[in-house]
Amino acid sequence: MNPKKTTSSSDTKKKPASKKAVRKSAKQNSAQKLKDLRSKLEMEFAEKEAAWAEKEDQLMRSLAEKENVLRRRERSMKLESSQRKGDLVLPLLGVLDDLERALVQEESGGESLREGVQLVHRRLQELMGDMGVEIIEAEGKSFDPHFHEALMQIPSEEEKGKIIQEIQRGYLLDGRLLRPSKVAVAGE
């Protein structure tokens, strides 16, 4: 017996989808792929942007650190230069003191000796000025422990704490105390 094949509706071949449905499905697939690609690209872009921002931050920090190192080095070099000048100038201050004492003396040494000493004194003061040495004015000023060293108090009618006598001059080097003025101040 030959059985006849019966076909049911489920066994029948599906009709091919219409062209319109195929296009719609292809569009949806393409749109989804584009959407996925766009999301992927946006994520990659955000990652790259974050990496660039981090690199930029690192570069800016590195640059700032280098600038700080240069500034510290420059300050250190200025301080070292000033200290070297101080080491050079400090011994010369004794010579300057001796010349000042010689000028005060009214001994008979002749006018030419006095003029010679005055010339050396003036030249040494100019040299000190060129090196950044400044005299600390003391006499008649109020006592300042940052610039003056009180050796004694002398009873006086002047205001208490006023400098009435400068015993030894004080000096600044580039605005920094090199040697305080040794002074006598008015007391009770």
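The values are calculated or read from the model by the stated rules, or taken from the named source; none is laboratory data. Just so we're clear, the structure is a prediction, and the values are computed from it rather than from any experiment. All Cβ positions, glycine included, derive from the backbone under ideal geometry; neighbour counts span all protein chains shown.
Quick notes on this one:
- Positions within segment 120-147 being assigned to a strand (DSSP E or B) and more than 16 Å from Arg176 (Cβ to Cβ), in sequence order: Ser142
- Where a residue in segment 57-83 is part of a helix (DSSP H, G or I) and its partner, wherever it lies, is surrounded by 10 or more Cβ atoms within 10 Å (Cβ to Cβ) and among the aliphatic types (A, V, I, L, M), with Cβ under 8 Å and at least six apart: Ser82/Leu173
- When Val89, Val183, Val117 are screened for being surrounded by 14 or more Cβ atoms within 10 Å (Cβ to Cβ) and under 30 Å from Met77 (Cβ atoms), only Val89 passes.
- Criterion applied to Lys160, Lys182 was being in a strand (DSSP E or B) and in contact (Cβ under 8 Å) with a residue 12 or more places away in the chain, and the one residue passing it is Lys182.
- In the set (1) touching a helix residue (DSSP H, G or I) at 6+ places or on another chain (Cβ under 7 Å); (2) hydrophobic (A, V, I, L, M, F, W, C); (3) at pLDDT below 85, the condition left unmet by Val133 is number (3).
- The single condition from (1) loosely packed, with under 12 Cβ neighbours inside 10 Å; (2) farther than 30 Å from Glu188 by Cα; (3) of a type in the set (D, E, K, R) that Glu134 fails is (1).
- When Pro180 is tested against (1) closer than 15 Å to Leu90 by Cα; (2) in contact with an Asp or Glu (Cβ under 8 Å, 6 or more places away or on another chain); (3) at pLDDT below 95, exactly one condition is not met: (3).
- Checked against the criterion of being small (Gly, Ala, Ser), touching a strand residue (DSSP E or B) at 6+ places or on another chain (Cβ under 6 Å) and closer than 24 Å to Arg179 by Cβ, the candidates Ala102, Ala150 yield just one match: Ala150.
- Asp36 meets all of the listed conditions (1) at pLDDT 75 or above; (2) surrounded by fewer than 10 Cβ atoms within 10 Å (Cβ to Cβ); (3) not hydrophobic (A, V, I, L, M, F, W, C) but one, namely (2).
- Unmet criterion (only one of (1) under 33 Å from the mean Cα position of the chain (by Cα); (2) surrounded by 10 or more Cβ atoms within 10 Å (Cβ to Cβ)) for Gly140: (1)
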